[in-house]
Amino acid sequence: MKIVFLDASTLGDTPMDEISSLGEYVAYPVSSREEALQRVADCEVLIVNKVKVDDELMAAAPRLKLICVAATGVNNIDLQAAESRGVAVRNVAGYSTDSVVQQTFTLLLSLVGDAPYFDDYVKSGRYSASGLFTDASRPFMELSGKTMGVVGMGSIGSKVAAVAAAFGMEVVYFSTSGTGHCKAYPSLPLDELLSRADVVSIHAPLNERTAGLIGGRELRLMKPSAVLLNLGRGGIVDEAALAAAVDDGILAGAALDVYSREPLPSDSPLLHLRHPERFRFSPHVAWASSESLRRLVSKVAGNIRLGW
């Protein structure tokens with residue numbers, strides 16, 4: 001069995017032994033469109049993370065039986081073409097919940113706790129030269145007693161809510177599916193959630209319900225002291241509107257792990273801010289703890305063992 005992974009570099013240096021033991025395994029760090037069309041010629045199992053797999057690519061792989069997506073989303077796969085060709089498609093769900101939740105609070109705590117400022121205050125020598133045991137010039141916000149508004153109460157959103165509650169936060173949520181299935185916390189209309197929340201944390205997929213969900217109008221509903229986090233998908237938040245809103249003090253700050261275009265283009269308004277200190281960014285890594293990556297590989301291997 002020939003197994004081809006077209007963009008293996010997306011998993012870093014994660015050991016692939018569990019997959020490579022299942023057949024003849026060939027991994028390419030990255031693949032251009034032209035390279036991909038050549039590299040799938042004799043594969044039976046194709047592994048991709050973000051590489052687009054359309055009918056043309058499947059046609060170039062006459063032996064293809066199974067597409068394994070090394071991710072949860074399958075929006076890069078032409079599912080209709082796969083079905084018509086009798087090619088099974090399997091993704092991996094639930095492997096990164098703990099990783100994303102942890103990164104959510106890493107970004108949030110850095111943002112509201114002004115962590116880069118205090119770290120630099122010590123490392124720069126300003127603390128040593130100050131003559132004071134403390135620097136109380138930048139008081140930070142406590143999460144206890146504040147309201148966390150979760151947009152998307154799936155497995156990740158539910159766990160974010162539980163951690164927020166452990167911090168002493170009141171939790172409310174907006175159901176992007178339109179069904180408020182979670183009874184542990186109040187379900188609110190989006191406008192009401194935005195106006196009430198001190199922290200808005202997005203954990204939703206990108207689909208017809210969520211594309212452009214948070215734009216300039218919605219951001220202006222938020223408190224000037226509030227912050228917004230997006231660890232769902234780029235495209236849910238209007239990035240230009242967000243950059244302007246935070247720069248103009250319409251809200252206090254934002255933290256993003258996902259972007260409408262990835263990698264973030266150099267002309268993005270998010271990279272040309274008047275107040276970059278009000279933002280925290282990470283390069284779509286919330287899913288990628290070392291433990292999460294190992295779980296992902298194991299689940300992909302399991303999908304291959306299932307056959308087709």
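The single condition from (1) surrounded by fewer than 19 Cβ atoms within 10 Å (Cβ to Cβ); (2) at pLDDT 95 or above that residue 253 fails is (1). Applying a threshold of 6 Å to beta carbon distances and a minimum spacing of six or more residues, or different chains, the list of pairs starting in region 76-97 at a residue that is within 30 Å of residue 202 (Cβ to Cβ) and ending at one that is assigned to a loop (DSSP other than H, G, I, E, B) and aromatic (Phe, Trp, Tyr) reads 96/287. Looking only at residues of region 112-148 that are of a type outside the set (Asp, Glu) and in contact with a Lys or Arg (Cβ under 7 Å, 6 or more places away or on another chain), we find that the one that is nearest to residue 199 (Cα to Cα) is 147. Conditions first: (1) out of contact with any strand residue (DSSP E or B) (no Cβ under 8 Å at 6 or more places or on another chain); (2) buried (at least 21 other Cβ atoms within 10 Å of the Cβ). Residue 107 passes all but one, so which condition is the exception? Every listed condition holds for residue 107 apart from (1).
Using the structure shown, decide if residue 57 is over 21 Å from residue 296 (Cβ atoms), of a type in the set (A, V, I, L, M) and in contact with a helix residue (DSSP H, G or I) (Cβ under 8 Å, 6 or more places away or on another chain).
yes
The residue that is nearest to residue 206 (Cα to Cα), among those in region 154-187 that are in contact (Cβ under 8 Å) with a residue 40 or more places away in the chain and of a type outside the set (Gly, Ala, Ser), is 156. Going through (1) among the charged types (D, E, K, R); (2) over 16 Å from residue 27 (Cα atoms); (3) within 24 Å of the chain's Cα centre (by Cα) one by one, residue 50 falls short only on (2).
When region 84-104 is filtered for residues that are within 21 Å of residue 50 (Cα to Cα), out of contact with any Lys or Arg (no Cβ under 8 Å at 6 or more places or on another chain), of a type in the set (Val, Ile, Thr) and open to solvent by less than 30 Å² (accessible area, probe 1.4 Å), only 100 remains.
How about region 271-301: which of its residues are closer than 15 Å to residue 231 by Cβ and in a helix (DSSP H, G or I)? Before the answer, list the steps.
Of region 271-301, the ones closer than 15 Å to residue 231 by Cβ are 279-289, 292.
Hit for region 271-301 is 292, nothing else.
Each residue in region 8-36 was checked for being open to solvent by 10 Å² or more (accessible area, probe 1.4 Å), closer than 28 Å to residue 283 by Cβ and free of Cβ contacts under 8 Å to residues at least 60 places away in the same chain, and 16 pass. In region 257-277, what residues are crowded, with 18+ Cβ neighbours inside 10 Å and touching a residue at least 40 places away in the same chain (Cβ under 8 Å)? If the condition is that a residue be crowded, with 18+ Cβ neighbours inside 10 Å and touching a residue at least 40 places away in the same chain (Cβ under 8 Å), then 257 is the only one that fits. Tell me yes or no: at least one residue of region 64-78 is in a helix (DSSP H, G or I), buried (at least 20 other Cβ atoms within 10 Å of the Cβ) and touching a strand residue (DSSP E or B) at 6+ places or on another chain (Cβ under 9 Å). No, because not a single residue in region 64-78 is in a helix (DSSP H, G or I), buried (at least 20 other Cβ atoms within 10 Å of the Cβ) and touching a strand residue (DSSP E or B) at 6+ places or on another chain (Cβ under 9 Å). Among the conditions (1) over 30 Å from residue 136 (Cα atoms); (2) surrounded by 15 or more Cβ atoms within 10 Å (Cβ to Cβ); (3) charged (D, E, K, R), residue 114 misses just one, which is (1). Among the residues of region 185-207, those that are modelled with pLDDT of 95 or more and assigned to a loop (DSSP other than H, G, I, E, B) comprise 185, 186, 188, 189, 197, 198, 203, 204.
Please go through region 164-184 and pick out each residue that is in a helix (DSSP H, G or I) and open to solvent by 20 Å² or more (accessible area, probe 1.4 Å). Selection gives 165, 166.
Mind telling me which of the residues 167, 174 ends up being of a type in the set (A, V, I, L, M, F, W, C) and under 26 Å from residue 216 (Cβ atoms)? I'd like the intermediate steps shown before the answer.
On the way: 167 fails: under 26 Å from residue 216 (Cβ atoms).
Just a single option satisfies the conditions, and that option is 174.
Being farther than 19 Å from residue 57 by Cβ, in contact (Cβ under 8 Å) with a residue 40 or more places away in the chain, in contact with a Leu (Cβ under 9 Å, 6 or more places away or on another chain) and open to solvent by less than 50 Å² (accessible area, probe 1.4 Å) is not true of residue 46. Applying a threshold of 8 Å to beta carbon distances and a minimum spacing of six or more residues, or different chains, the list of pairs starting in region 283-297 at a residue that is charged (D, E, K, R) and ending at one that is assigned to a loop (DSSP other than H, G, I, E, B) and open to solvent by less than 40 Å² (accessible area, probe 1.4 Å) reads 294/14; 295/95; 295/96.
The values are calculated or read from the model by the stated rules, or taken from the named source; none is laboratory data. Since this is a predicted model, take the numbers as computed values, not measurements. Glycine gets a Cβ as well: all are built from the backbone with ideal geometry, and neighbour counts include every protein chain shown. Side chains are part of the model used for accessible areas, which takes the heavy atoms of the whole protein and leaves out ligands, DNA and RNA. Shrake-Rupley method; radii C 1.70, N 1.55, O 1.52, S 1.80 Å.
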